[in-house]
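The values are calculated or read from the model by the stated rules, or taken from the named source; none is laboratory data. Nothing here was measured: the structure is a model prediction, and the numbers come from that model. Glycine gets a Cβ as well: all are built from the backbone with ideal geometry, and neighbour counts include every protein chain shown.
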Amino acid sequence: MITPILRMFELAKAKEFYIDFLGFNIDWTHQYEENMPIYCQISLDHIILHLSEHHGDSSPGSAIRIKLNNIKHFHSILQAKKYAFSNPALEKSPWNTVELTVIDPFFNRITFYEEMN
């Protein structure tokens, strides 16, 4: 299993996007001591991501692709939330997938996709 690490700058903003909007759960957080960068794990079904405030862990503006079953259902859940900062659409790709792309507050691009039969 591969666990991507995405850069973040503020845990509260990350929670608003990943937890409140996308529906991930926070599994754990780690901080060596107060006023040090935070590192955490979030998950949604089979998807596990690490978010890090540590400057050496990742660069803002990364891009990842995540395979997802029933992307239309996931899209309807996101649409119902009426999140002010993102309104992703479903798109059919030339490589026979349906895709939904979101950009987090730290410019990381996440493309959820489902292969079409």
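Summary of computed values
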{"read-out": "Hits in the stretch 61-73 - residues which are within 13 Å of the chain's Cα centre (by Cα) and either modelled with pLDDT under 95 or not in a strand (DSSP E or B) (or both)", "value": "61, 62, 68"}
{"read-out": "Looking only at the stretch 1-43, and only at residues there that are assigned to a loop (DSSP other than H, G, I, E, B) and of a type in the set (Phe, Trp, Tyr), the one that is surrounded by the most Cβ atoms within 10 Å (Cβ to Cβ)", "value": "24"}
{"read-out": "Test result for residue 44, within 17 Å of residue 114 (Cα to Cα), free of Cβ contacts under 8 Å to residues at least 60 places away in the same chain and touching a strand residue (DSSP E or B) at 6+ places or on another chain (Cβ under 8 Å)", "value": "yes"}
{"read-out": "Top-ranked residue of the stretch 82-97 - restricted to ones that are closer than 21 Å to residue 49 by Cβ and in contact with a strand residue (DSSP E or B) (Cβ under 8 Å, 6 or more places away or on another chain), ranked as modelled with the highest pLDDT", "value": "97"}
{"read-out": "Residue check, residue 110 within 22 Å of residue 26 (Cβ to Cβ) and either part of a loop (DSSP other than H, G, I, E, B) or out of contact with any strand residue (DSSP E or B) (no Cβ under 9 Å at 6 or more places or on another chain) (or both)", "value": "no"}
{"read-out": "Selection from the stretch 91-105 of residues that are of a type in the set (A, V, I, L, M) and surrounded by fewer than 17 Cβ atoms within 10 Å (Cβ to Cβ)", "value": "103"}
{"read-out": "Checking residue 102 against (1) farther than 12 Å from residue 17 by Cα; (2) in a strand (DSSP E or B); (3) out of contact with any His (no Cβ under 9 Å at 6 or more places or on another chain), the condition it does not meet", "value": "(1)"}
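So that you can scan it fast, the table gives a plain yes or no per residue for (1) among the polar types (S, T, N, Q); (2) touching a residue at least 40 places away in the same chain (Cβ under 8 Å); (3) over 26 Å from residue 5 (Cβ atoms); (4) exposed (fewer than 15 other Cβ atoms within 10 Å of the Cβ):
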position	(1), (2), (3), (4)
51	no, yes, no, no
56	no, no, no, yes
60	no, yes, no, yes
63	no, yes, no, yes
68	no, yes, no, no
73	no, no, yes, yes
78	no, yes, no, no
84	no, no, yes, yes
